[in-house]
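J.: Attaching a single structure in C-alpha cells format; questions to follow.
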Amino acid sequence: MNFKEEYTLFTRDFEKLARKYRTLPSDFLKLKEFVNYRLKQPRTARNKNTSILHEEDGICIIKTRMASFSVKKSPFRIVYAYFENDELVDFIQIFFKGNQETEDTTRWKKYINELKSLKN
C-alpha cells in the first residue's frame, strides 16, 4: 500500500494537533498499519470503526477512528481517499471529535471535484 505524502490541508491540521497531542505521530503510524491491513480484507468484512462516505470510479472516501495513547477512547477521526486501481491512500482530513462533531463534507467533495477536473 502506498501513502501519498505531500503538504496539504491534512498536513496542516495534523501538525496543529500534534503540538497539543505528543503521541499523535506514533498513533498515526499505527493507523497506517491498520489501514494497510484493512484495505487488503474483503469489502464485506464490516468494522464499526470505519465507514465509507463516498464511492465512485474506483475511488472510495473513507472515515475511520484513530485511537490515541495520550487521550482515552478514539477521539480522532481521519478521512482519506483510497484509489483501488493504484492501491494508493491520500489523507484528506484529521480532526478531534471533541472540537468538531463531524467531518468537513465540503473538503472531501471539493477533493473529488478536483480529481474529476484533472481527469478531463
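J.: Along the Cα→Cβ direction, 7 angstrom out, place labels at residue 74 and residue 88. What is the inter-label distance in nm?
T.: 2.7
J.: With contacts defined as alpha carbon pairs under 8 Å and 6 or more residues apart, what's the relative contact order of segment 51-120 in percent?
T.: 21
J.: What is the chain's relative contact order, in percent, from Cα pairs under 8 angstrom and six or more apart in sequence? Could the numbers behind the result be given before it?
T.: On the way: 148 pairs, mean separation 28.6, N = 120.
With pairs under 8 Å counted, the relative contact order is 24 percent.
J.: Continuing with the same structure: Given points 7 Å out from each Cα along the Cα-Cβ axis, report the residue 109 to residue 97 separation in nanometres with one decimal.
T.: 2.5
J.: For 1, 66, which order do you get if you count the other beta carbons within 10 Å of each Cβ and list the fewest first?
T.: Working: 1 14, 66 19.
Ordered by Cβ neighbours within 10 Å, fewest first: 1, 66.
J.: Tell me what the chain gives for mean residue ellipticity at 222 nm when only DSSP H runs of n ≥ 4 count, each as -39,500 (n - 2.57), the sum divided by the residue total, rounded to 500 deg cm²/dmol.
T.: Values: 3 runs with 43 residues, N = 120.
Helices in the chain give a 222 nm mean residue ellipticity of -11500 deg cm²/dmol.
J.: What is the extension gain from residue 37 to residue 3, computed as 0.36 nm multiplied by their sequence separation minus the C-alpha to C-alpha distance, in nm to one decimal? Present the calculation step by step, with values, prior to reporting the outcome.
T.: Working: separation 34, 0.36 × 34 = 12.24 nm, distance 1.32 nm.
Contour length minus the Cα-Cα distance gives 10.9 nm.
J.: Each residue of segment 93-102 in turn: what ³J(HN,Hα) in whole Hz from Karplus with 6.51, -1.76, 1.60 and θ = phi - 60°, glycine and Pro shown as x?
T.: 8, 10, 8, 8, 4, x, 9, 9, 6, 10
J.: Expressed as a rounded percentage, what relative contact order does segment 11-75 have, with Cα pairs under 8 Å and six or more residues apart? Provide the component values of the computation, followed by the final result.
T.: Details: 45 pairs, mean separation 18.3, N = 65.
Result for segment 11-75 is 28 percent.
J.: In whole Å, how far is the Cα centre of segment 94-120 from that of segment 1-60?
T.: 13
Since every read-out is calculated from the coordinates, none of them should be taken as a lab result. Small disclaimer: the values here were computed from a predicted structure and weren't measured. When we count neighbours, we look across all protein chains shown, and the Cβ atoms used for this are built from the backbone with ideal geometry, even at glycine.
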